[in-house]
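*Asks:* Sharing a structure with you now.
The values are calculated or read from the model by the stated rules, or taken from the named source; none is laboratory data. Because the structure is predicted, anything quoted here is derived from the model rather than measured. Every residue, glycine among them, receives a Cβ derived from its backbone with ideal geometry; neighbour counts consider all protein chains shown.
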Amino acid sequence: MSIAIVTESKSAEMREVKVGIIGCGGIANGKHMPSLHRLPNVKIVAFCDLIIERAEKAKADFGTEDAFVCTDYRDLLKIEDIEVVHVLTPNIFHAEISIAALDAGKHVMCEKPMATTYADAKLMCEAAKRNNKFLTIGYQTRSSVNHQFLRKMVERGDLGEIYYMCAPNFRRRGVPLWGVFMDKEKQGGGPLIDIGTHSIDAIMNLANNYDVVSVTGATYRKLADTAYNSNEWGIWKPEEFEVEDLAVGFVKFRNGAVLELQAAWLINYVNDGGMAICGTKGGAQYCKEGLKLTGEMADGQLYETIVHPNSTARDLFHGETLTAEQYEAKQWIYSVVNNVPPVTSPEQAAVVSRVIEAVYKSAETGKTIYFDEEE
Ligand SMILES: NC(=O)c1ccc[n+]([C@@H]2O[C@H](COP(=O)([O-])OP(=O)(O)OC[C@H]3O[C@@H](n4cnc5c(N)ncnc54)[C@H](O)[C@@H]3O)[C@@H](O)[C@H]2O)c1
């Protein structure tokens with residue numbers, strides 16, 4: 001299946017695309033609206049938020065002069081010439097709103113994680129299929145230059161057979177204190193579903209392996225009550241901290257490969273290494289200095305450090321430097337205009353949601369979750 005890799009010649013098609021935004025909070029203002037607004041063929045023509053002032057401010061900052069503003073997403077979905085909807089609400093609403101938007105005939109970009117349950121994620125995939133519309137999930141790590149570089153290496157076979165992966169996403173002290181991130185019902189969990197989801201998506205996409213056999217997990221809530229209940233985003237009330245502060249998982253794939261994953265908002269851990277992918281010919285790890293490679297090309301020694309001072313920068317278009325967020329938006333709109341499947345498929349994102357749910361289930365029950373038994 002071809003995916004939307006935008007090149008100079010292919011991006012010639014500049015048909016106008018009208019976009020509606022649902023949820024005008026942090027990620028809308030930090031990522032989606034600025035990234036869409038800079039694309040010359042995109043017009044953001046409608047904004048919805050439960051807090052009307054947020055929708056109005058978004059209109060003033062990023063919208064067309066006559067943009068529509070509302071508090072009920074169903075009113076936005078009635079606007080016929082809106083072709084694309086971005087769903088940027090807390091996790092619990094992703095499935096309901098995305099399905100409604102797909103059923104209203106819109107292409108949907110939904111923020112990560114796809115859904116709080118695998119059952120909901122499957123319903124979202126079905127809605128995209130029955131309406132013949134695109135659905136993608138906002139995993140912008142895939143658009144980073146390091147990811148794209150490594151993905152090419154794996155595709156060419158430079159790393160050989162991939163059999164060990166690890167996907168740590170540790171914040172020593174980093175609890176998001178805006179929005180509803182500590183609310184278990186609205187988010188579905190803590191750091192695993194919030195930031196772990198990015199690493200799980202990235203590593204499975206790098207290895208191109210979605211054939212999971214089993215998942216074992218453990219979660220902890222050990223530091224949420226400590227005296228230092230504050231970080232750069234403010235102070236939290238321990239009694240409102242309903243989710244884990246650390247999650248750990250072990251995933252086995254049908255071909256024998258394994259993935260160790262960790263996600264923390266709070267942990268006493270010296271955090272100086274990131275994701276690693278290891279094959280029979282070579283391996284790579286995300287480190288503070290950049291992407292480091294090793295393997296048979298260097299007789300097992302450290303081979304090369306690819307330094308990208310801003311690891312999310314991409315520099316492949318017309319001399320433009322794009323952030324991963326900008327590139328994600330550009331690829332997404334390219335997909336819509338040119339009818340090319342988006343980079344992140346809903347089926348892949350659904351497996352990520354399934355792994356996350358399985359870590360939580362395993363932690364709760366003390367058992368390993370076998371996917372074949374669950375079908
Ligand atoms: N890709 C990333 O790196 C990244 C980073 C942060 C957040 N996110 C994701 O973005 C989503 C939103 O997070 P955020 O940080 O923007 O939170 P936020 O609380 O800042 O923004 C969410 C907004 O949605 C509005 N809202 C809530 N329910 C709604 C509804 N039913 N209809 C319309 N509007 C509604 C809220 O009023 C709020 O303004 C979450 O799913 C989160 O996981 C992704």
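Conditions tested, residue by residue: (1) assigned by TED's automatic domain parsing to the domain that holds LEU135; (2) buried (at least 24 other Cβ atoms within 10 Å of the Cβ); (3) hydrophobic (A, V, I, L, M, F, W, C).
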| site | (1), (2), (3) |
| --- | --- |
| ARG15 | yes, no, no |
| GLY20 | yes, yes, no |
| GLY26 | yes, no, no |
| ARG54 | yes, no, no |
| ALA67 | yes, no, yes |
| GLU83 | yes, no, no |
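*Asks:* Could I ask something else about it? Starting from residues that are of a type in the set (Ser, Thr, Tyr) and not in a loop (DSSP other than H, G, I, E, B), keep the ones in region 128-142 and report whichever is farthest from the ligand (Cβ to nearest atom).
*Replies:* THR136
*Asks:* Say whether the condition of being modelled with pLDDT under 95 and within 12 Å of the ligand (Cβ to nearest atom) is met by at least one residue in region 143-152.
*Replies:* yes
*Asks:* Have a look at ALA60, ALA67 and point out the one that is aliphatic (A, V, I, L, M) and closer than 24 Å to MET14 by Cα.
*Replies:* ALA67
*Asks:* Here's a follow-up. I want to confirm something. Restricting to region 164-193 and keeping residues that are part of a helix (DSSP H, G or I) and buried (at least 24 other Cβ atoms within 10 Å of the Cβ), which single residue is nearest to the ligand (Cβ to nearest atom)?
*Replies:* Among those residues, the one meeting the criterion is ILE193.
*Asks:* Given the options SER335, SER353, SER362, name the one that is under 30 Å from LYS43 (Cβ atoms) and either at pLDDT 95 or above or outside any loop (DSSP other than H, G, I, E, B) (or both).
*Replies:* SER335 is the lone residue from the list that is under 30 Å from LYS43 (Cβ atoms) and either at pLDDT 95 or above or outside any loop (DSSP other than H, G, I, E, B) (or both).
*Asks:* Being of a type outside the set (Lys, Arg) and out of contact with any strand residue (DSSP E or B) (no Cβ under 9 Å at 6 or more places or on another chain) is the filter here, so list the residues in region 158-200 that pass it.
*Replies:* PRO176, GLY179, VAL180, PHE181, MET182, ASP183, GLU185, GLN187, GLY188
*Asks:* Which is of a type outside the set (Val, Ile, Thr), under 21 Å from PHE134 (Cβ atoms) and touching a Gly at 6+ places or on another chain (Cβ under 8 Å), of LYS78, LYS18, LYS43, LYS31?
*Replies:* Exactly one residue qualifies, and that residue is LYS31.
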